[in-house]
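For reference, the structure discussed in these notes is given below.
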Amino acid sequence: MTDEPLTWGVVANVSLDVFTHQETGVKRPGTRHFVPGAKVWVLPVSWGDGGQQRFVVGMRRGTGGRGLIRLVMNTDFFVNHRLKPVHSPAVHAAMGQPRDDGRTPRLYESRDEAQRSVDSAKWVRTRVNHLGLTDDPGLMHHADETCVFCDGRDAARGGSDVNPYPAVTEHAAGSVDFWGTDHGLWRCGWLTETHQRDPGRIGDLGVRHLALQRRRVRRSAGTLARTAVGRTVAELEADGIGRNRLRFVRGDYQPRLLDGVVHAWLDDENRVVRTQSG
Ligand SMILES: [Zn+2]
């Protein structure tokens with residue numbers, strides 16, 4: 001008897017930010033099948049869409065921990081992907097149920113393949129957007145995504161300059177590979193925040209551009225935060241303001257500040273009562 005797992009898997013959580021239309025027709029936290037924060041197993045890419053739609057396995061809401069289901073979901077709902085061995089025969093069986101076409105879905109072939117999927121999710125969610133590595137700005141991550149750029153930014157706001165990640169020697173300073181490490185990304189968040197008032201003090205050309213870009217999106221978020229108060233969801237949605245600029249919040253949930261994003265708290269009439277902007 002060994003501790004050898006049945007297979008290697010990737011788990012993630014349904015973001016606390018997720019707010020979707022559900023059976024009752026109203027929007028509420030979580031998804032139709034999963035409560036906010038639910039743990040889900042994310043299977044490998046099966047279709048040629050870059051991996052946005054995936055098979056996932058998790059505990060269906062309202063089943064008291066006995067409703068393990070597999071379904072296809074948009075991975076935009078998930079945060080904090082990480083590697084995890086599968087030891088539960090029930091989870092393993094749910095993953096391997098035949099698809100509609102009778103074929104068996106592919107599982108990760110190795111620990112390495114699962115780890116690569118974790119790394120890829122982290123890169124796409126916290127590197128591509130913060131480092132401006134695309135001409136399509138894409139979505140800012142959810143507030144509960146672990147993000148070392150935002151950690152570095154918040155450390156600068158709190159007056160700390162202690163980078164918790166070991167210095168990087170294997171990548172050339174200033175390269176994308178360097179800034180893409182945890183050490184580099186934390187430092188990038190710290191630098192752009194520390195010199196927010198005067199980006200001209202940043203010597204690195206790329207980082208100075210990022211600081212200027214952060215200033216632009218934050219200014220525009222500040223304006224939206226002021227003008228959104230008192231308006232309704234329907235009015236704001238009619239303006240075509242996307243999730244990258246405006247996210248609705250209910251109750252006492254306090255999301256982390258995100259660059260360029262306005263969080264707008266709603267009352268029972270779906271009217272914005274207060275906002276925060278990052
Ligand atoms: Zn971040």
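Which of the residues spanning region 1-43 are outside any loop (DSSP other than H, G, I, E, B) and modelled with pLDDT of 95 or more?
At the first step, the residues of region 1-43 found to be outside any loop (DSSP other than H, G, I, E, B) are 7-14, 19-21, 27-30, 39-42.
Matches in region 1-43: 7, 8, 9, 10, 11, 12, 13, 14, 39, 40, 41, 42.
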*Test each condition in (1) outside any strand (DSSP E or B); (2) modelled with pLDDT of 95 or more; (3) closer than 21 Å to residue 32 by Cα for residue 81 and report the one that comes out false.*
(1)
_Residue list for region 130-151, restricted to those being surrounded by fewer than 22 Cβ atoms within 10 Å (Cβ to Cβ), among the aliphatic types (A, V, I, L, M) and either at pLDDT 90 or above or within 9 Å of the ligand (Cβ to nearest atom) (or both)_ = 131, 133
*Among the residues of region 218-235, count how many are in a helix (DSSP H, G or I) and closer than 18 Å to residue 28 by Cβ.*
2
*Would you point out which residue out of 243, 197 is within 16 Å of the ligand (Cβ to nearest atom), outside the structural domain of residue 26 (by TED's automatic domain parsing) and surrounded by fewer than 17 Cβ atoms within 10 Å (Cβ to Cβ)?*
243
*Considering (1) surrounded by 16 or more Cβ atoms within 10 Å (Cβ to Cβ); (2) not in a loop (DSSP other than H, G, I, E, B); (3) not aromatic (Phe, Trp, Tyr), say which one residue 257 fails and leave the rest.*
(2)
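The values are calculated or read from the model by the stated rules, or taken from the named source; none is laboratory data. Note that the structure is predicted; figures quoted are calculated from it, not measured. Note that each Cβ is placed from the backbone with ideal geometry, even for glycine, and that neighbours are counted across all protein chains shown.
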